[in-house]
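The values are calculated or read from the model by the stated rules, or taken from the named source; none is laboratory data. Keep in mind it's a predicted model, so treat the numbers as computed, not measured. Glycine also receives a Cβ, built like all others from the backbone with ideal geometry; neighbour counts cover every protein chain displayed.
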Amino acid sequence: MTHLAAAYCVALTGGIGSGKSAVAELFRARDTAVFDSDVIARDLVRPGTPALREIADQFGESILTSSGELDRPRMRNRVFRDSREREKLEAMLHPRVREALLDAVRKCTAPYCVLVIPLLTEVRTDYDFVDRVLVTDVSPQMQVARLMQRDRCNADEASRIIAAQAPRAERLALADDVIDNEGDTAALTPVVERLHRLYLRLADTKIAAGPLN
């Protein structure tokens with residue numbers, strides 16, 4: 001167990017197209033500290049970084065754009081078509097992302113923080129410092145529709161991306177809290193407000209209990 005004298009920590013996860021970003025923004029609007037693993041991952045692969053050099057060495061220089069940046073559409077196409085490629089990329093990035101998130105939690109001075117971790121189900125044991133798991137949930141049909149609209153891909157491509165992630169049932173099995181996000185964004189506001197109040201109470205309880213070591 002990774003003991004931390006730190007903020008109460010909520011991991012926000014969910015399948016692609018389930019509305020994690022919208023939920024995260026509503027927590028930010030309540031002055032909650034939100035740390036997003038995707039944002040961290042993008043920062044880790046800026047031109048000139050060790051991670052980008054490692055990716056180029058592994059996948060070839062063709063994975064870079066003419067300006068030396070990671071060609072994200074090409075990379076995404078490769079990893080969602082081949083699970084072995086995806087595992088190689090995750091092995092390079094995941095330890096770095098985890099360390100950055102852990103450092104953010106250690107430095108956090110807010111009562112609680114939210115960590116946005118889309119692939120939490122696949123790596124849950126690496127995040128033993130997380131106090132609670134919040135899952136945004138929609139049907140696979142809704143995921144496909146949102147992906148087709150957002151990424152302008154066809155139904156087969158959207159289904160392949162969804163299938164590459166952990167099954168919906170496995171995500172829900174990890175959840176302490178679930179947000180049903182089949183409706184519009186306005187419906188999320190009262191749900192997030194209720195969870196915000198809950199997490200503040202839980203954070204107070206953790207603080208009152210004192211450090212574990």
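Out of the residues in region 12-51 meeting the condition of being over 20 Å from residue 107 (Cβ atoms), in contact with a strand residue (DSSP E or B) (Cβ under 6 Å, 6 or more places away or on another chain) and not β-branched (Val, Ile, Thr), tell me which one is surrounded by the fewest Cβ atoms within 10 Å (Cβ to Cβ). Taking the candidates together, the pick is 19. Residues of region 105-125 that are farther than 19 Å from residue 15 by Cα and at pLDDT below 95: 105, 106, 107, 108, 109, 110, 111.
Report yes if residue 97 is surrounded by 16 or more Cβ atoms within 10 Å (Cβ to Cβ) and in contact with a Lys or Arg (Cβ under 8 Å, 6 or more places away or on another chain), otherwise no.
Working: surrounded by 16 or more Cβ atoms within 10 Å (Cβ to Cβ): yes; in contact with a Lys or Arg (Cβ under 8 Å, 6 or more places away or on another chain): no.
No.
Residues that are among the charged types (D, E, K, R) and outside any helix (DSSP H, G or I) were ranked within region 42-90; the one that is farthest from residue 121 (Cα to Cα) is 69. Checking each residue of region 161-170 against the condition of being within 17 Å of residue 83 (Cα to Cα) and without any contact (Cβ under 8 Å) to a residue 24 or more places away in the chain gives at least one match.
Filtered by the rule that a residue be surrounded by fewer than 15 Cβ atoms within 10 Å (Cβ to Cβ) and either in contact (Cβ under 8 Å) with a residue 40 or more places away in the chain or charged (D, E, K, R) (or both), region 181-199 gives 182, 184, 185, 189, 193, 194, 197. One residue stands out in region 135-173 among those that are closer than 23 Å to residue 93 by Cα and touching a helix residue (DSSP H, G or I) at 6+ places or on another chain (Cβ under 7 Å): the one that is surrounded by the most Cβ atoms within 10 Å (Cβ to Cβ), namely 135. Any residue in region 126-135 that is within 30 Å of residue 81 (Cα to Cα) and part of a helix (DSSP H, G or I)? There is at least one residue in region 126-135 that is within 30 Å of residue 81 (Cα to Cα) and part of a helix (DSSP H, G or I).
When residue 91 is tested against (1) among the aliphatic types (A, V, I, L, M); (2) more than 17 Å from the chain's Cα centre (by Cα); (3) over 22 Å from residue 158 (Cα atoms); (4) modelled with pLDDT under 95, just one condition goes unmet, and that condition is (2). Annotation for region 115-128: no member residue is surrounded by fewer than 16 Cβ atoms within 10 Å (Cβ to Cβ), of a type in the set (Val, Ile, Thr) and in contact (Cβ under 8 Å) with a residue 60 or more places away in the chain. Scanning region 91-123 for residues that are in a helix (DSSP H, G or I) and under 20 Å from residue 17 (Cα atoms) yields 120, 121, 122, 123.
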